[in-house]
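The values are calculated or read from the model by the stated rules, or taken from the named source; none is laboratory data. Owing to the predicted nature of the structure, the values given are computational and were not obtained by experimental measurement. Glycine gets a Cβ as well: all are built from the backbone with ideal geometry, and neighbour counts include every protein chain shown. Note: accessible area is taken over every heavy atom of the protein model, side chains too, but ligands, DNA and RNA are not part of it. Shrake-Rupley method; radii C 1.70, N 1.55, O 1.52, S 1.80 Å.
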Amino acid sequence: MSPRSVAVVGATGAVGREFLAVLAARQFPIRQLRLLASPRSAGQRLPFGGDQLPVEVLGPDSFRGVELALFSAGGSIAREYAPLARAAGALVVDNSSAFRLDPDVPLVVPEVNPAAIAGHRGLIANPNCSTILLAVALAPLHRAAGLRKVVVSTYQAASGAGQQAIAELRQGLVAQLARTAAPTPKALPQPLAGNVFPQVDVFGADGYTREEDKLLYELRKILGLPTLPVDATCVRVPVERCHSESVAIELERPLAVEAARALLAAADGVELVDDPAARRYPMPLQQAGRDPVAVGRLRLGRVFTPGLTFWLAGDQLRKGAALNAVQIAERL
Ligand code: A2P
């Protein structure tokens, strides 16, 4: 690939910083890198491959000469600026939920539906972090035995809610140890230190949250299964980095646990970590900063037959966000 002129929109955020780490680590061919954020970050510098690059204020002229724009600054910024980036000739990979369910916009996990990339019209959507991790684990099982139903509970890290949420968790932990009052959280709906709460994003009229809807509708689109039932409960846990998920699936055809293990061990983007007798199973502490989605605790389902129950953990800032977007860009 010839070196590109790249812009990172939301470069100062939790995912934005990860974009820089992933681009540098993978030696993505870059001719010029432009870091964009809000006026709050003007004058800040961020490390990239041994340099300190200035952060510029995002504006209508930010995309002149840019060939690839990686967006992670939320839905409203994406809706406003992605069209400007496209008009300037850039290809946009957007990490927000703004365009994910638009039928004209591919929603891509390269290990699962790489063919969808070809249909892009200058904009590709990066799926929700919990959805990416789950899709990577489900794809090989679906290919082998046909997916019928999914029930999933997520255990989501603070960093999924951004930099401010990480700060709130840290402040809460410090206050707990010091037995002082923690500041009221703003990025998170509840105090997270010493707590677990079943709310990620806002509630809809049917009692499910928007995050739980994302798992349903995005999985259907990525897997090409428009009627797949997906019942999700999304939970925030006091972990800084890496989401985990407890998953039960119903399959069309029986799949033995050993066969499922072999499929997962061979699957792109998956690491099989499944030796409970030796206390080996996926955990955030081990996956943080690493690329693969770890899958383990595989067993035959007790409710869904034929079916399987398992556990996964993956770095949601990396494979769940920045790495997936960069992998899409690498395939273009
Ligand atoms: P800033 O740091 O200047 O606020 P996170 O998801 O970690 O909260 O990060 C969100 C990212 O989106 C940050 O880089 C943030 O920049 C950026 N952002 C938020 N609002 C705007 C805006 N109005 N214009 C440009 N970037 C924005």
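Quick look at the numbers
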read-out	value
Stretchable slack from residue 44 to residue 231, in nm (0.36 nm times residue separation minus alpha-carbon distance)	63.1 nm
Percent of beta bridges antiparallel (DSSP, the chain, rounded to nearest 5)	45 percent
Mean Cβ count within 10 Å, highest first, over the residues of peptides 212-222, 165-175	212-222, 165-175
Separation of alpha-carbon centers, the range 85-104 and the range 1-37, rounded to whole Å	17 Å
Highest-fluctuation residue, 203, 19, 71 considered, GNM on the chain with Cα pairs under 10 Å	203
Charge dipole (the chain, unit charges on Cβ, about Cα centre) - positive-most of 322, 41, 174	174
Label point distance in nm, residue 76-residue 25, each placed 7 Å from Cα along Cα→Cβ	3.3 nm
For the range 131-316, share of DSSP beta bridges that run antiparallel, in % to the nearest 5	70 percent
Carbon plus sulfur fraction of accessible area for the range 131-316, probe 1.4 Å, in percent	54 percent
Cα-based reach from residue 319 at 19 Å (exclusive), listing lysines while leaving out same-chain residues under 8 positions away	214, 221
Residue 227 accessible area, 1.4 Å probe, all protein chains in place, Å² to nearest 10	110 Å²
Residue 330-residue 173 pseudo-label distance in nm [points 7 Å out on the Cα-to-Cβ vector]	3.0 nm
Gap separating the Cα centres of the range 165-183 and the range 242-266, nearest whole Å	38 Å
Within the accessible area of the range 27-93 (1.4 Å probe), percent carbon and sulfur	48 percent
Average Cα contact separation per residue, the chain, under 8 Å, 6 or more apart, as relative contact order %	18 percent
Accessible area of the chain divided out per residue, in Å², using a probe of 1.4 angstrom	44 Å²
Cβ-based charge dipole, the range 131-316, positive-most Cα from 228, 139, 296	296
Kirkwood hydrodynamic radius over Cα pairs of the range 187-322, then Stokes diffusion coefficient at 20 °C and 1.002 mPa s, in µm²/s	131 µm²/s
Residue 102 accessible area, 1.4 Å probe, all protein chains in place, Å² to nearest 10	60 Å²
Gaussian network model of the chain, Cα within-10 Å springs - most flexible of 273, 136, 303	303
The chain: calculated mean residue ellipticity at 222 nm from DSSP helix runs of at least 4, using -39500 (n - 2.57)	-9000 deg cm²/dmol
Among 204, 75, 65: highest mean-square fluctuation, GNM of the chain, C-alpha pairs under 10 Å	204
Electrostatic dipole magnitude of the chain [Cβ: Lys, Arg +1; Asp, Glu -1; Cα centre; debye, to 20]	320 debye
Label-to-label distance, nm, for residues given as residue 57 and residue 302 (7 Å Cα→Cβ offset)	5.9 nm
Accessible area of residue 76 in the full protein assembly, 1.4 Å probe (Å², nearest 10)	90 Å²
